[in-house]
Amino acid sequence: MSVYVTVGSTGFDDLVKEVCTRSFLQSLAKRGFRKLCVQCGSSEDLFVPPRTESATFGIAIESFGYTSSPQRFIEQAELVICHAGTGSILEALHSRKPAIVVVNRRLMDDHQSEIAQELSARGYVVATEASGLAEAVANGSYGKLIPYPNADPQPIGEILDEETSL
């Protein structure tokens, strides 16, 4: 089983550092994941995973800065972990793959938190901060998510309208 992590079109230092930690890798391994693919964006220099098989708990790890075809990586994954940007969330939701959405509170006005929390409350994603990512994987709640309805864009439009007060 594989996991795809994406920070989107910019960078997300806290998320990139977190996916290199022993606790995160151990949580993946305990859940049966054997491959981790990380799109790092401008945070690529901060991606420093362990180098030994024992330190990675047997997980094969690959990373890159950017891709023009994120959907290819999403399709290959059993779990998507993404920053809480609207574009990345929509890609994950439309893939119908379980998604853990990681909020970047360092961004202006904390808009990611509002969107992620609302989608989480509706059961479409698991929302967390980078520091809670290992626990979000370990507890497995991503396996109980409701698939986002592909044919009806109205729910996400309603959430965006509510959260942005349009």
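At-a-glance table
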| read-out | value |
| --- | --- |
| Checklist (1) within 29 Å of Pro147 (Cβ to Cβ); (2) touching a residue at least 24 places away in the same chain (Cβ under 8 Å) applied to Leu107, failing item | (2) |
| Cross-chain or 6+ apart pairs with Cβ under 7 Å, the stretch 12-27 first and free of Cβ contacts under 8 Å to residues at least 60 places away in the same chain, then open to solvent by 50 Å² or more (accessible area, probe 1.4 Å) | Asp13/Leu46; Val16/Leu46; Cys20/Val48; Leu25/Phe57 |
| Search result, residues across the stretch 1-46 that are open to solvent by less than 20 Å² (accessible area, probe 1.4 Å), within 21 Å of Lys97 (Cα to Cα) and in a loop (DSSP other than H, G, I, E, B) | Val7, Gly8, Val19, Phe33, Cys40 |
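The rows are residues; the columns are (1) over 15 Å from the mean Cα position of the chain (by Cα); (2) more than 17 Å from Thr128 (Cβ to Cβ).
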| position | (1), (2) |
| --- | --- |
| Thr6 | no, no |
| Ser9 | no, yes |
| Asp13 | no, no |
| Leu28 | no, no |
| Arg34 | yes, yes |
| Cys40 | no, yes |
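The values are calculated or read from the model by the stated rules, or taken from the named source; none is laboratory data. Source: prediction; values computed, not measured. Because the Cβ atoms are built from the backbone with ideal geometry, glycine has one as well, and the counts that use them run over all protein chains shown. Only protein heavy atoms, including side chains, enter the accessible area calculation; ligands, DNA and RNA are left aside. Shrake-Rupley method; radii C 1.70, N 1.55, O 1.52, S 1.80 Å.
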